[in-house]
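For reference, the structure is listed below as structure tokens.
The values are calculated or read from the model by the stated rules, or taken from the named source; none is laboratory data. Fair warning: this is a prediction, and the values are worked out from it, not measured in the lab. Cβ coordinates were reconstructed from backbone atoms using ideal geometry, including for glycine residues, and neighbour counts include every protein chain displayed.
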2 protein chains.
Amino acid sequence: MKAINTNKQAYLQQVKQQNISAVLNVIWEHQSISRVEMIKKTGLTSGTISNLTKELIQLGIIREYEAVSGTVGRRRIMLGFNPDSYRIIGIDIGRSTIEVVLTDLTGNVLLSVEENIAQLRGPDQILAVVDPHVNRMKEKALAGGGRVLGIGTAVPGPMDLEKGIILSPPNFLGWDGYPLRDELTRRYSLPAHIEDDSCTCALAERWYGIGRNSRDLVFITMGMGIGGGIVTKGELVRGTNGLYGQVGHMTIVPDGEKCACGNYGCWETVGAIQGILKRSGGARTMDELMRHVREGNPQATECMERTLQYLEIAIINVFAMYDPEQIVLGGRLYPYLSDHIIELRKRVRERTFSFVKDRVHIASATFGTSQSVIGATAVVFGKLLTSPLDTLFG
Amino acid sequence: MKAINTNKQAYLQQVKQQNISAVLNVIWEHQSISRVEMIKKTGLTSGTISNLTKELIQLGIIREYEAVSGTVGRRRIMLGFNPDSYRIIGIDIGRSTIEVVLTDLTGNVLLSVEENIAQLRGPDQILAVVDPHVNRMKEKALAGGGRVLGIGTAVPGPMDLEKGIILSPPNFLGWDGYPLRDELTRRYSLPAHIEDDSCTCALAERWYGIGRNSRDLVFITMGMGIGGGIVTKGELVRGTNGLYGQVGHMTIVPDGEKCACGNYGCWETVGAIQGILKRSGGARTMDELMRHVREGNPQATECMERTLQYLEIAIINVFAMYDPEQIVLGGRLYPYLSDHIIELRKRVRERTFSFVKDRVHIASATFGTSQSVIGATAVVFGKLLTSPLDTLFG
């Protein structure tokens, strides 16, 4: 536990930040809540709640409205977030596409653009594509006195989060050592943040998706690779080397093919797109494979069945290791598997401890293919809710 | 983040608890530390440090001593824990043995006893065996005005920690619903705590073993079953259903034998004692199997090789999933495998991302077969360091 600084000034600031954070979180959890309920939930005094909510209303982050409840028509003053108080810009830099969005404070997309960058390499070329989109979103956001809370950016890991630097991600040439965070801050004069793209997917759920009610969730993103983002007690877990939740590198086929990571038979070698196509009997794309399956091609059918078995084992392992409230599946590959999710849920339940069978929840990503970029904006929103004063007044 | 109560009385108490916790933790991490360093490490003012350390010295928990450092012989007043200020009683209730220990505050064993209970069943019979030992330890501790900080108890999970109740652990008849914590508190008039035995093993490392320098560690205990205790950022992680870190139930043999948990090919089915003996070619105990291996029996040799391969895959998966600083291996089975740990480390390193190869650390349990009972005392010590006021005056 961190010490509470007793240098009076710093200390009062610390207490205030902690209490504003508690107030914002309780509003977020309940979507709308009265001051009386807020006192109960936070344990703060009515005086403190009254002061803090007044300040947050003045800042425009939350707003009051009147709710009429029940048959007697009792009127109550409720508090909720004010979505239009701030805008957030989200950037997702992938290996083949970039996506940029402008959202309101609560994750609603106001503007969104996607562009293919498969032919481009390195920060200079790729940021040149991103640049005009970000500028346009920023202009739009600032028009008429609007405010931008920050820029969140999803990129392939690994990275040095403290320094804001990208570290040699596989198949992502030219980015090793690139100071992406500071470059974005410099270009747009806005607070910028970077985050691993599997983690942004998890954060999209944590803040804007099913995480409002689930503090323990695992997001699995399946595409050219397989990644995981793990939220425990509402917080992203990173591990010692920033490699927590490398679910794609658990062994699924003992003595299987060698993986880029050095291990053999990783889930990624058989469960990501390349691995699936390898045993498909000639399909070059997932669409082609699905066509072969529909046409009754036995090798294609067998290939898909295998893929689902691997997914089943992987999910069982994820339950055994992380005991999450929810497993959420997404990524470019997932739409090809999503028809089987009900069957998958059933099979996984049959293979878990009987006393938790009913607590096995497997869901589809809330934001589909935009999961990662929405998560990039959720990074900024999450900072507001955990360190409100630092985020607002830097 | 929790709100800080602004009811003045409750609030000052909360701040004080948080700051004492910070002071105790920094002393624990450094083993001995000067007040000046303490100010730097905690960010607290010299006045606060001076008051809090004075109070802790009066309570007897820490003590001053003089250190002479360097060639110039400069004398400095250092602070460290006072091991004799309190005693802790640890109880480990296993399926075939019970162990009871009396330790000083820093985990040094003063008295220890182990007894076979393989023929006994249920709380009445087993607690009757535990009882005289605990009474003797308590008497010894209290003789001459000594103080006991509490009783920590390791038991097979699952359990309801909030209520202090055991929930139907497999192969542990008669304990379902038993209010163990309250019963121990009643019998011995001391604060009692219960904890899952895989978790106590992890806590033994976290507080008294390698955890002084490793905040992220995974303890794997191998015996009749295989369990895991996961410490992240210095804290035990429990998951949604108290089933976090069920490493024994990750799939190691796809399409393998059905496990008690419902899954197929769990590591426990092939890597725990029963599973190993099943393919040993007739050995009835691990000692017998080891004799067959030494005699060059090919089936026994093949059986051991397989066991080590399964362990290797399991450890690689644990690294991929939890990215810990340390994996620590223990349990009744481990002594039969420990000769191979150097080879195992080498093989695991060859199978992990090159940029983290040097950061793969695999260690043997610090407390051998007493790991779980030492961990039971570490539960109490951990409570002192995280909630000092509640633990001392609660």
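Residues in the stretch A:170-197 that are farther than 13 Å from residue A:89 by Cα and in contact (Cβ under 8 Å) with a residue 40 or more places away in the chain: how many?
13
Considering the stretch A:210-267 alone, what residues qualify as being crowded, with 19+ Cβ neighbours inside 10 Å, more than 8 Å from chain B (Cβ to nearest Cβ) and at positive phi?
A:265 - this is the single residue of the stretch A:210-267 that is crowded, with 19+ Cβ neighbours inside 10 Å, more than 8 Å from chain B (Cβ to nearest Cβ) and at positive phi.
Residues are listed down the side, and each one gets a yes or a no for (1) within 24 Å of residue A:254 (Cα to Cα); (2) crowded, with 22+ Cβ neighbours inside 10 Å:
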{"residue": "B:296", "(1), (2)": "no, no"}
{"residue": "B:308", "(1), (2)": "yes, no"}
{"residue": "B:323", "(1), (2)": "yes, yes"}
{"residue": "B:335", "(1), (2)": "no, no"}
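So residue A:71 fits all but one of (1) away from chain B (no Cβ under 14 Å); (2) touching a Ser or Thr at 6+ places or on another chain (Cβ under 8 Å); what number is the exception?
Only one criterion in (1) away from chain B (no Cβ under 14 Å); (2) touching a Ser or Thr at 6+ places or on another chain (Cβ under 8 Å) is unmet by residue A:71, namely (2).
Could you list all residues from the stretch B:257-288 that are in a loop (DSSP other than H, G, I, E, B) and touching a strand residue (DSSP E or B) at 6+ places or on another chain (Cβ under 6 Å)?
Within the stretch B:257-288, B:259, B:265, B:272 qualify.
How many residues does the stretch B:358-370 hold that are in a helix (DSSP H, G or I) and either more than 23 Å from residue B:323 (Cα to Cα) or among the hydroxyl-bearing types (Ser, Thr, Tyr) (or both)? Walk me through it before giving the result.
At the first step, the residues of the stretch B:358-370 found to be in a helix (DSSP H, G or I) are B:358-359, B:368-370.
If we keep only those that are either more than 23 Å from residue B:323 (Cα to Cα) or among the hydroxyl-bearing types (Ser, Thr, Tyr) (or both) too, we end up with B:368-370.
Residues in the stretch B:358-370 being in a helix (DSSP H, G or I) and either more than 23 Å from residue B:323 (Cα to Cα) or among the hydroxyl-bearing types (Ser, Thr, Tyr) (or both): 3 in total.
Out of A:342, A:327, A:316, report the one residue that is among the β-branched types (Val, Ile, Thr), under 22 Å from residue A:251 (Cβ atoms) and more than 9 Å from every other protein chain (Cβ to nearest Cβ).
Answer to the check: A:327.
Name the residue that is surrounded by the fewest Cβ atoms within 10 Å (Cβ to Cβ), counting only residues in the stretch B:100-137 that are charged (D, E, K, R) and more than 22 Å from residue B:83 (Cα to Cα).
By that ranking, first place goes to B:124.
Is it the case that residue B:51 is surrounded by 13 or more Cβ atoms within 10 Å (Cβ to Cβ), over 30 Å from the mean Cα position of the chain (by Cα), without any contact (Cβ under 8 Å) to a residue 24 or more places away in the chain and more than 9 Å from chain A (Cβ to nearest Cβ)?
yes
Mind checking which residues of the stretch B:343-366 are at pLDDT 90 or above and either farther than 25 Å from residue B:332 by Cα or in contact with an Asp or Glu (Cβ under 8 Å, 6 or more places away or on another chain) (or both)? Before the answer, list the steps.
The first filter runs over the stretch B:343-366 and keeps only residues at pLDDT 90 or above, leaving B:343-351, B:361-366.
Passing the criteria: B:344, B:347, B:348, B:349, B:350, B:351, B:361, B:365, B:366.
Given the criteria assigned by TED's automatic domain parsing to the domain that holds residue B:376 and either in contact with a Phe, Trp or Tyr (Cβ under 7 Å, 6 or more places away or on another chain) or surrounded by 16 or more Cβ atoms within 10 Å (Cβ to Cβ) (or both), does residue B:23 qualify?
Considered against the rule, which asks whether it is assigned by TED's automatic domain parsing to the domain that holds residue B:376 and either in contact with a Phe, Trp or Tyr (Cβ under 7 Å, 6 or more places away or on another chain) or surrounded by 16 or more Cβ atoms within 10 Å (Cβ to Cβ) (or both), residue B:23 comes out as no.
With respect to residue B:305, is the statement that it is part of a helix (DSSP H, G or I), within 27 Å of residue B:202 (Cβ to Cβ) and of a type in the set (D, E, K, R) true?
The answer is no for residue B:305.
Looking only at the stretch A:237-256, count how many residues are under 27 Å from the mean Cα position of the chain (by Cα), assigned to a loop (DSSP other than H, G, I, E, B), within 20 Å of residue A:312 (Cα to Cα) and of a type outside the set (S, T, N, Q).
Adding up the residues that qualify gives 3.
Got a number for residues in the stretch A:39-92 being assigned to a helix (DSSP H, G or I) and out of contact with any Gly (no Cβ under 9 Å at 6 or more places or on another chain)?
Just the residues of the stretch A:39-92 that are assigned to a helix (DSSP H, G or I), to begin with: A:39-42, A:46-59, A:83-85.
Okay, now just the ones that are also out of contact with any Gly (no Cβ under 9 Å at 6 or more places or on another chain), so A:39-42, A:46-59.
Residues meeting the conditions: 18.
Just checking, how many residues over the stretch B:326-343 are over 19 Å from residue B:367 (Cβ atoms) and in contact with a Leu (Cβ under 7 Å, 6 or more places away or on another chain)?
Of the residues in the stretch B:326-343, 1 are over 19 Å from residue B:367 (Cβ atoms) and in contact with a Leu (Cβ under 7 Å, 6 or more places away or on another chain).
If you take the residues in the stretch A:213-228 that are out of contact with any Lys or Arg (no Cβ under 9 Å at 6 or more places or on another chain) and at pLDDT 95 or above, which one is farthest from residue A:199 (Cα to Cα)?
Across the stretch A:213-228, the extreme among qualifying residues is A:226.
Would you confirm whether any residue within the stretch A:197-207 is of a type outside the set (D, E, K, R) and part of a loop (DSSP other than H, G, I, E, B)? Quick ask: steps written out before the conclusion?
So in the stretch A:197-207, the residues of a type outside the set (D, E, K, R) come out as A:198-204, A:207.
Next, from what is left, pick out any that are part of a loop (DSSP other than H, G, I, E, B): none.
No, the stretch A:197-207 has no match at all.
If residue B:308 passes every condition in (1) over 26 Å from residue B:236 (Cβ atoms); (2) away from chain A (no Cβ under 14 Å) but one, which one does it miss?
Exception for residue B:308: condition (2).
Determine, yes or no, whether residue A:80 is away from chain B (no Cβ under 14 Å), buried (at least 17 other Cβ atoms within 10 Å of the Cβ) and modelled with pLDDT under 95. Steps first, please.
Values: away from chain B (no Cβ under 14 Å): yes; buried (at least 17 other Cβ atoms within 10 Å of the Cβ): yes; modelled with pLDDT under 95: no.
Here the answer is no, as residue A:80 does not meet what is asked.
Taking only the stretch A:338-366 into account, find how many residues are crowded, with 17+ Cβ neighbours inside 10 Å and in contact with a Gly (Cβ under 7 Å, 6 or more places away or on another chain).
5
Given the residues A:46, A:85, which is the only one that is within 14 Å of another protein chain (Cβ to nearest Cβ), surrounded by fewer than 20 Cβ atoms within 10 Å (Cβ to Cβ) and touching a helix residue (DSSP H, G or I) at 6+ places or on another chain (Cβ under 8 Å)?
A:46
Taking the stated definitions as given, is residue A:29 closer than 30 Å to residue A:111 by Cβ, within 14 Å of another protein chain (Cβ to nearest Cβ) and either among the charged types (D, E, K, R) or not in a helix (DSSP H, G or I) (or both)?
yes
Considering (1) surrounded by fewer than 22 Cβ atoms within 10 Å (Cβ to Cβ); (2) over 19 Å from residue A:226 (Cα atoms); (3) touching a helix residue (DSSP H, G or I) at 6+ places or on another chain (Cβ under 6 Å); (4) not polar (S, T, N, Q), say which one residue A:381 fails and leave the rest.
Status for residue A:381: all satisfied but (1).
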